[in-house]
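*Asks:* One structure, pasted below without further comment.
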Amino acid sequence: MTQDWEQKCKGLEAELAQAKQEIEIGSWGLTKTNEAIKYLYKELDKKNKELQALDRLKTDFINTVSHELRTPLTTIREAIAQVFDGIHGQTTVAQRDFLLMCLSDVDRLRRLIDDLLDMSKLEAGMFKLARQQIDIVALARDIVSFFYPAAKATNIELRERYNATEPFAYVDRDSIVRIFTNLIGNALKFTDKGYIEVSVIDKPGSVECAVADTGRGIDENEIPRLFNKFEQFGRHRGTKEKGTGLGLSITKSIIDLHRGKIWVESALDKGTTFTFTLPKYNEQQVQVEHLRDVIRDAIRQGVPLSILVFSTGDIDAHRRRLGPGRAAAVIRELAQVVKQNLRRQSDGVIAGDAKFLAVLPGTDKPRSVNVGDRMTQCLVDHIAKNRDMAGVEISYTGVSYPEDGQTEKEIEEHIGEF
Amino acid sequence: MAKKILVVDDEQNIIKVLQARLEAEGYEVVTASDGEEALQKVGTEKPNLIILDIMMPKIDGFEVCRRLKRDETFQHIPVVMLTALGQAANIKEGMEKGADAYIAKPFNTVALLGIIQGLVGR
């Protein structure tokens, strides 16, 4: 009997030894795989940085080229204009006719350069929006009135339909002027008779704008490509001035930047309607939007960004003790303390419902820790001087790009609710 | 007496067309091709207005403007900055350095003349 047992034990020991060996080999294999993965991550990171550097080179290149193109354009335009104006001697009617043609094409070249530059900035994520709360109805009215003479000259009726009790949206004024101008200009180009209607209506959370015409319409096969770059449609049918082919693409990119939507409804000979929406934001949403823009810009430009999320301890207890109004005011006050103590002009603060944020573009994670500690000290000092803030305990967490997240979503998730 | 304008640009052609236009409008024009020459001529010519290009070798337009605005003798002279960049950031920087006006190339002549008239009259 014992011999059986001994044999069984020996067998099991052998199996155990083999299993151990297999585990060791497996472990070694895992370690090697791990190392390989880390190496691949490093390579990916390197390639990413190279791509970003290449992107910046492309942007710098386009900026330089556009500058180099604009300078001779200036002299050409001014010189022609001066001859045309008679500054350098009398000119004949025929000469002025040809000079006018030159001027018109110089202006066309300039618009093309402007569009190319904007396109490159949009693609590089370097197109800056200066957003404010703008009355879209008032803006649309201004732009439409600018088109009255042109519409009258071509016998097209200009209609306006404004139905918005809350017409304010958080937008970049110049961009929206440009979009309306682009769409109405296009409508005029492709409409031979009938009318063009510009409308602005209220929707929950957004302002919906539309430019509708009774013009030539767009073939439904061409609609999917409409917002692509350098597509010109119906060229063979028009004698009116040609565009750069970038207008709609730039328009769409700008609407995307505003987090709005744009779409078109059209059929051949049945007219066209372009509709776009612009988001409405209240003051706090404006701050959140601004934060999202800062995050987006940092990622697009490959520049570090740190956000410090400050908490005041048990916010519910503070609200019970001080009342919700005073509690919110305390948060705003503490955010201001941070704002006053931040050194860089580009640094900002956002006061939320329960927490407040310090937004530090260009600051990397190690430096952000220094800033966070320094701010904590300032806050603690401030709290010590205010009796009703007793019980407020300051702590912070740092969220940095690229260390804590590589995408807008990841960074926003790390920040969480505030 | 005719108002004197100092035009500063490293591009000879720009100087030539600007000078022709301004003289046709009745202004007296003196010129400089770089920042250093500009600072010298401000002292010797005492212009009523300066048109200043931004992109220049050695000292750029921003630096010239900054130095002029810091100098008590010259800070009252209006400065119009001329640029081929026209980006919002540049305009802000120009204004921060003390420029009185800003116009982008290729400039609208009527606009430039309007700005000059507004700053010094005819």
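The values are calculated or read from the model by the stated rules, or taken from the named source; none is laboratory data. Just so it is clear, the structure is predicted and the values come from calculations on it, not from any experiment. Reconstructed Cβ throughout: ideal geometry from the backbone, glycine too, with neighbour counts over all protein chains shown.
*Asks:* Please count how many residues of segment B:23-59 are free of Cβ contacts under 8 Å to residues at least 24 places away in the same chain and within 14 Å of chain A (Cβ to nearest Cβ).
*Replies:* Looking only at that region, the number is 2.
*Asks:* Restricting to segment A:180-208, give me the number of residues that are assigned to a helix (DSSP H, G or I) and more than 19 Å from A:Arg141 (Cβ to Cβ).
*Replies:* Qualifying residue count for the region: 3.
*Asks:* Still on this model: So which residues in segment A:100-150 are basic (Lys, Arg) and farther than 21 Å from A:Val211 by Cβ?
*Replies:* A:Arg108, A:Arg110, A:Lys121, A:Lys128, A:Arg131
*Asks:* Which condition from (1) surrounded by 14 or more Cβ atoms within 10 Å (Cβ to Cβ); (2) outside any helix (DSSP H, G or I) is the one that A:Gly86 breaks?
*Replies:* It is condition (1) that A:Gly86 fails.
*Asks:* Which one is surrounded by the fewest Cβ atoms within 10 Å (Cβ to Cβ) among residues in segment B:100-111 that are free of Cβ contacts under 8 Å to residues at least 60 places away in the same chain and more than 18 Å from A:Asp114 (Cα to Cα)?
*Replies:* Only one residue tops the list, namely B:Val110.
*Asks:* Could you tell me how many of the residues in segment B:99-114 are modelled with pLDDT of 80 or more and more than 9 Å from chain A (Cβ to nearest Cβ)?
*Replies:* Residues meeting the conditions: 10.
*Asks:* Go through the residues of segment A:10-30 one by one and say whether even a single one is surrounded by 10 or more Cβ atoms within 10 Å (Cβ to Cβ), among the aromatic types (Phe, Trp, Tyr) and over 24 Å from B:Ile103 (Cβ atoms).
*Replies:* yes
*Asks:* Out of A:Asp114, A:Asp135, A:Asp118, A:Asp142, I need the residue that is closer than 30 Å to A:Glu197 by Cα, of a type in the set (Asp, Glu), surrounded by 17 or more Cβ atoms within 10 Å (Cβ to Cβ) and more than 10 Å from chain B (Cβ to nearest Cβ). Which one?
*Replies:* A:Asp118
*Asks:* Would you tally the residues in segment A:71-94 being within 14 Å of A:Val106 (Cα to Cα), of a type in the set (A, V, I, L, M, F, W, C) and within 7 Å of chain B (Cβ to nearest Cβ)?
*Replies:* 3
*Asks:* Now for a separate question. What do you reckon, is B:Thr44 surrounded by fewer than 16 Cβ atoms within 10 Å (Cβ to Cβ), at pLDDT 90 or above and either in a loop (DSSP other than H, G, I, E, B) or of a type in the set (Lys, Arg) (or both)?
*Replies:* Details: surrounded by fewer than 16 Cβ atoms within 10 Å (Cβ to Cβ): yes; at pLDDT 90 or above: yes; either in a loop (DSSP other than H, G, I, E, B) or of a type in the set (Lys, Arg) (or both): no.
No; evaluated as a whole, the condition is false for this residue.
*Asks:* Being surrounded by fewer than 19 Cβ atoms within 10 Å (Cβ to Cβ), more than 14 Å from every other protein chain (Cβ to nearest Cβ), closer than 25 Å to A:Val83 by Cα and of a type outside the set (A, V, I, L, M) narrows it down to one residue among B:Lys4, B:Lys16; which is it?
*Replies:* On the way: B:Lys16 fails: more than 14 Å from every other protein chain (Cβ to nearest Cβ).
Checking each option against the conditions leaves just B:Lys4.
*Asks:* May I pose another question? Going through segment A:261-296 one residue at a time, which ones are on the phi > 0 side of the Ramachandran plot and either assigned to a strand (DSSP E or B) or crowded, with 16+ Cβ neighbours inside 10 Å (or both)?
*Replies:* Passing the criteria: only A:Gly271.
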